[in-house]
Each structure stands twice: as structure tokens, then as C-alpha cells.
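Okay, structure first, notes after.
The values are calculated or read from the model by the stated rules, or taken from the named source; none is laboratory data. Given the structure is predicted, the values throughout are model-derived calculations rather than measurements. Reconstructed Cβ throughout: ideal geometry from the backbone, glycine too, with neighbour counts over all protein chains shown. The protein model used for the area step is the full one, side chains on, heavy atoms only, and it has no ligands, DNA or RNA in it. Shrake-Rupley method; radii C 1.70, N 1.55, O 1.52, S 1.80 Å.
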Amino acid sequence: RLYRQQTAASGVIPQYAAVFGQCGGGTALLAALSDFTFMVKDTSALFVNAPNTLDDSCGAAERYAGAEFQGRETGNADFVCENEETLLAQLRELVLMLPFNQEDVLDYDVCEDDLNRKIADYSGTGDVAQVLKDITDVGRYVEVTAGYAREMVTAFVKLNGLTVGAVANRTAILDENGEAAESFNGKLTTEGLQKAADFIRFCDAFSIPVLSLVSATGFDTTVANEKSVAREAARLIHTFADASAPKVTLLTGEAYGSAYLTMNSGHIGADLVYAWPTAEIGMMDAKLAAQIMYADADAETLNEKAAEYKELQSSPNSAAARGYVDTVIAPADTRKYVIGAFEMLFTKREDRPSKKHGTV
């Protein structure tokens with residue numbers, strides 16, 4: 001009966017699960033049915049089958065139920081907290097960011113930040129979390145499932161008092177000194193695709209606008225990724241295209257081929273698409289395209305042809321001329337343009353074909 005009630009409430013009210021101790025068997029499913037799960041680092045455990053029942057040959061069974069494993073390896077824990085007090089504080093912060101129910105939508109808080117405030121130029125840094133933190137109202141930024149699929153950022157931010165859900169590709173995580181503490185290859189992974197789709201589906205259920213920051217060159221080329229990447233990429237495309245909430249996309253780096261389309265291009269339903277001048281939009285990298293078209297050319301010719309290809313096919317101005325990008329903006333003006341976009345889309349409504357639900 002509890003499962004049925006949680007299912008009925010899904011999409012009606014946000015559901016939060018806080019795990020303070022052991023959460024095993026059927027109670028673990030209660031947490032999984034919730035929208036967000038909080039765990040305490042050293043004292044929480046989440047499992048369906050008890051660790052001592054597992055056929056474990058590598059000695060990891062005792063660790064798999066812990067908060068850090070569930071946060072980093074499975075994504076079942078959206079927030080891994082140092083202690084119970086931190087858990088309650090983060091839970092309060094998230095509750096205050098989100099609507100109370102599906103009808104409590106598009107509610108503005110008082111914004112005490114300059115709407116036209118310039119931000120730093122983050123082009124080339126690779127850590128889009130820094131961009132999101134800088135464009136928000138006085139730092140109102142809550143990252144969700146931060147430990148899992150870290151190359152894909154999912155976070156709630158405040159823009160002119162409005163809660164916005166942000167998904168972003170990143171190629172690096174910077175430490176407090178601005179140095180890269182962790183780096184990624186710019187490819188989409190099955191874990192990242194799944195993480196983004198779940199997040200966007202929640203946002204759309206409560207009419208929370210979605211901001212996508214895109215820098216993706218393709219899909220991760222591993223056997224493990226290939227097993228399910230088509231299904232997860234299709235699911236993310238379906239989730240973006242099916243979402244009727246306001247959707248804005250900002251191209252911050254390389255945006256190539258199907259990976260770019262998957263991250264909410266204008267072709268699958270983004271209402272507005274912005275691009276930084278340093279962005280690259282196209283089917284493939286200009287150097288690779290030149291190597292394919294001029295396979296027998298020398299290095300000097302290849303560089304020349306690659307530059308021509310980049311200007312004609314991959315530059316944001318070229319994409320704007322074709323109608324794929326609405327405006328090329330300076331990185332410093334990102335906050336101003338994004339806020340303006342969501343203000344313009346405040347009254348967005350869509351008429352969709354009548355159906356029960358999609359099947360992807």
C-alpha cells in the first residue's frame with residue numbers, strides 16, 4: 001500500500017527520503033521511489049539484499065551498502081552528508097528551492113542580485129559548475145547527485161528569484177585554487193545520460209524551467225558504454241523533447257553530432273539557443289573533417305582546410321546564419337541573457353497530441 005501511495009503521489013508532490021541508519025529490503029524501495037534520497041556518510045546503509053547474503057569474491061560486499069558507494073557508484077543517494085545536522089540543513093535548502101506541489105509553479109522569490117551582473121569568462125576552463133554558481137542569485141546553487149556521473153552536472157539554481165533546473169556537460173572539476181582536480185573526455189556516458197533524464201523528468205513534472213549547458217563531442221567509446229548508450233541517449237532525447245517546461249540551451253564548448261542533439265538542441269525542442277563565441281557546432285571536429293576530405297594532403301594544407309571548414313561549418317556565427325543558434329553572446333553577459341530568456345518564456349504553453357503517455 002505504501003508503494004502504491006508513493007506512486008500516486010509521484011509528480012504531485014516532491015518526495016524526499018532521509019536515511020539515518022539501516023535501510024534494507026523493502027524499505028530501500030521506498031527510498032528509490034522517492035525523488036531525492038539523503039544519506040549520512042558513515043552511518044547510513046541502503047541495500048535490498050543484506051551484504052552477508054551476497055556471493056562476493058572481491059570483498060566489496062560490506063562497502064556497497066554505504067552512503068559513499070550509493071552516492072558515487074550507483075546514484076541511489078542524491079546527497080551524501082557528513083552528519084545528521086548537515087543532512088537536515090541540506091534537506092531544508094532543497095525543500096525551499098522546489099515547489100510544494102505540481103500546481104505551485106513558477107513562483108518567484110525576491111531577487112537581491114543585479115540582473116545584469118557580469119560574470120567571469122569561463123570559456124576553456126571545462127568546469128561548468130563554476131558558470132552555474134556565478135550566474136545564480138547570490139550563490140543559490142544546489143547540485144543533485146553530485147558524486148555520480150560527475151561529467152554531467154545536475155543542479156537547481158535561482159535566476160531572478162525563479163528556480164531553474166540545470167544540466168551541463170563538464171570536462172574538468174576545479175579545486176579551490178582553480179586547478180583541475182579531475183578531468184573528463186567530453187563524451188556522454190550511459191550513467192550521465194540516465195542522470196540527466198531522471199533530473200529533467202522531475203523538473204518537467206513540476207514545470208521547473210530547464211537550462212542546458214552543452215559541451216559534448218560524442219559518446220564514450222567503451223564496450224560497457226556501448227551496451228546501453230543507444231537506449232539511454234534515446235531516453236534523454238525523448239525526455240527533452242517531451243518536456244513542456246521552458247527550455248534554454250547555451251553552447252559553451254564543442255557541440256558535435258548526435259551528442260549535441262541529445263543535449264537539447266533547437267531541433268528537439270529548445271525554445272532558445274545561445275552560444276559563446278568560442279563554441280563549435282557541427283557534425284565533427286574541423287581537423288578530423290579535413291583529414292577525411294583531404295586524406296593525401298600535407299600538414300600545412302590540412303591546417304588551412306581545417307580553418308576554412310571551422311569558419312564555414314562549425315563556428316557559432318555559421319550556426320546562427322542557419323538558424324540553429326538564436327544569439328551569440330559574450331560569456332560575461334550569460335546571466336543577463338539567460339534571465340531574459342526565462343522571463344520571456346514565463347507564460348509558455350504548449351498544445352500536445354492527446355495520449356496517455358510515451359513509451360520510451
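A234 meets each of the listed conditions (1) over 27 Å from A330 (Cα atoms); (2) open to solvent by 50 Å² or more (accessible area, probe 1.4 Å); (3) out of contact with any Ser or Thr (no Cβ under 6 Å at 6 or more places or on another chain) apart from (2). Identification of strands (runs of 3 or more DSSP E) wholly contained in the range 1-103 with 1 or more residues that are open to solvent by less than 80 Å² (accessible area, probe 1.4 Å) and touching a Cys at 6+ places or on another chain (Cβ under 9 Å) yields 16-19, 36-40, 45-47. Taking T239, is it touching a residue at least 24 places away in the same chain (Cβ under 8 Å), polar (S, T, N, Q) and not in a helix (DSSP H, G or I)? Against the criterion (touching a residue at least 24 places away in the same chain (Cβ under 8 Å), polar (S, T, N, Q) and not in a helix (DSSP H, G or I)), T239 does not qualify. On the given criteria, is R92 touching a helix residue (DSSP H, G or I) at 6+ places or on another chain (Cβ under 6 Å), within 18 Å of V157 (Cβ to Cβ) and either modelled with pLDDT of 95 or more or hydroxyl-bearing (S, T, Y) (or both)? The answer is no for R92. Residues that are small (G, A, S) and over 22 Å from the mean Cα position of the chain (by Cα) are absent from the range 266-276 altogether.
Please give the number of the condition D242 fails out of (1) out of contact with any strand residue (DSSP E or B) (no Cβ under 8 Å at 6 or more places or on another chain); (2) open to solvent by 70 Å² or more (accessible area, probe 1.4 Å). (2) is the only condition that D242 fails. Of the helices (runs of 4 or more DSSP H) lying entirely inside the range 255-360, those containing at least 2 residues that are under 25 Å from G161 (Cα atoms) and not hydrophobic (A, V, I, L, M, F, W, C) span 334-344. Residues in the range 104-122 that are open to solvent by less than 90 Å² (accessible area, probe 1.4 Å) and of a type in the set (D, E) were compared, and the one that is nearest to A245 (Cα to Cα) is D104.
Screening the range 309-360 for residues that are of a type in the set (D, E, K, R) and surrounded by 12 or more Cβ atoms within 10 Å (Cβ to Cβ) and picking the one that is nearest to M283 (Cα to Cα) gives K310. Restricting attention to the range 254-297, report how many residues are of a type in the set (S, T, N, Q) and under 15 Å from S212 (Cα atoms). Looking only at that region, the number is 3. Across the range 307-316, a minimum of one residue is classified as modelled with pLDDT under 90, of a type in the set (G, A, S) and more than 30 Å from A197 (Cα to Cα). For the range 246-258, indicate whether the set of residues that are open to solvent by 50 Å² or more (accessible area, probe 1.4 Å), in contact with a Gly (Cβ under 9 Å, 6 or more places away or on another chain) and closer than 15 Å to K187 by Cβ is non-empty. Checked against the condition, which is being open to solvent by 50 Å² or more (accessible area, probe 1.4 Å), in contact with a Gly (Cβ under 9 Å, 6 or more places away or on another chain) and closer than 15 Å to K187 by Cβ, the range 246-258 yields at least one hit. Listed here are the helices (runs of 4 or more DSSP H) enclosed by the range 126-230 that have at least 2 residues being crowded, with 20+ Cβ neighbours inside 10 Å, modelled with pLDDT of 95 or more and not polar (S, T, N, Q): 128-135, 190-205.
As for the range 294-305, it holds no residue that is within 20 Å of S258 (Cα to Cα) and either at pLDDT 80 or above or open to solvent by 60 Å² or more (accessible area, probe 1.4 Å) (or both). Could you say whether any residue in the range 127-144 is among the hydroxyl-bearing types (S, T, Y) and under 17 Å from A259 (Cα atoms)? No, every residue in the range 127-144 fails to be among the hydroxyl-bearing types (S, T, Y) and under 17 Å from A259 (Cα atoms).
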